[in-house]
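The values are calculated or read from the model by the stated rules, or taken from the named source; none is laboratory data. Keep in mind that what you see is a predicted model, and the values were worked out from it rather than measured. Neighbour counts run over all protein chains shown; Cβ positions are idealised from the backbone, glycine included.
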């Protein structure tokens, strides 16, 4: 069994639709869309970092 420290949230990173494009992310809570990025990001790493910060906010607010 794997433990997901961000449960019930999951982060999905979407690659650019065209070469040289920008990345974006969505956050799902129990599989349903909770939030999506409001801006595109220049790299997959930046998109992941930005999305994880938002999940941390959700988890902290849930407290």
Can you list residue pairs whose Cβ atoms sit under 7 Å apart, with the first residue in segment 1-29 being at negative phi and without any contact (Cβ under 8 Å) to a residue 24 or more places away in the chain and the second being surrounded by fewer than 10 Cβ atoms within 10 Å (Cβ to Cβ) and in a loop (DSSP other than H, G, I, E, B)? Count only pairs 6 or more apart in sequence or on different chains.
8/30
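For (1) part of a loop (DSSP other than H, G, I, E, B); (2) out of contact with any strand residue (DSSP E or B) (no Cβ under 8 Å at 6 or more places or on another chain); (3) surrounded by fewer than 14 Cβ atoms within 10 Å (Cβ to Cβ); (4) at pLDDT 90 or above, each residue gets a yes or a no:
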| position | (1), (2), (3), (4) |
| --- | --- |
| 2 | yes, yes, yes, no |
| 7 | yes, yes, yes, no |
| 21 | yes, yes, yes, yes |
| 26 | no, no, no, yes |
| 38 | yes, yes, yes, yes |
| 45 | no, yes, yes, yes |
| 49 | no, yes, yes, yes |
| 52 | no, no, no, yes |
| 58 | no, no, no, yes |
Among the residues of segment 9-19, what is the count of those that are in a strand (DSSP E or B) and exposed (fewer than 14 other Cβ atoms within 10 Å of the Cβ)?
1
When you check residue 11 against the structure, is it over 10 Å from the mean Cα position of the chain (by Cα) and at pLDDT 95 or above, yes or no?
no
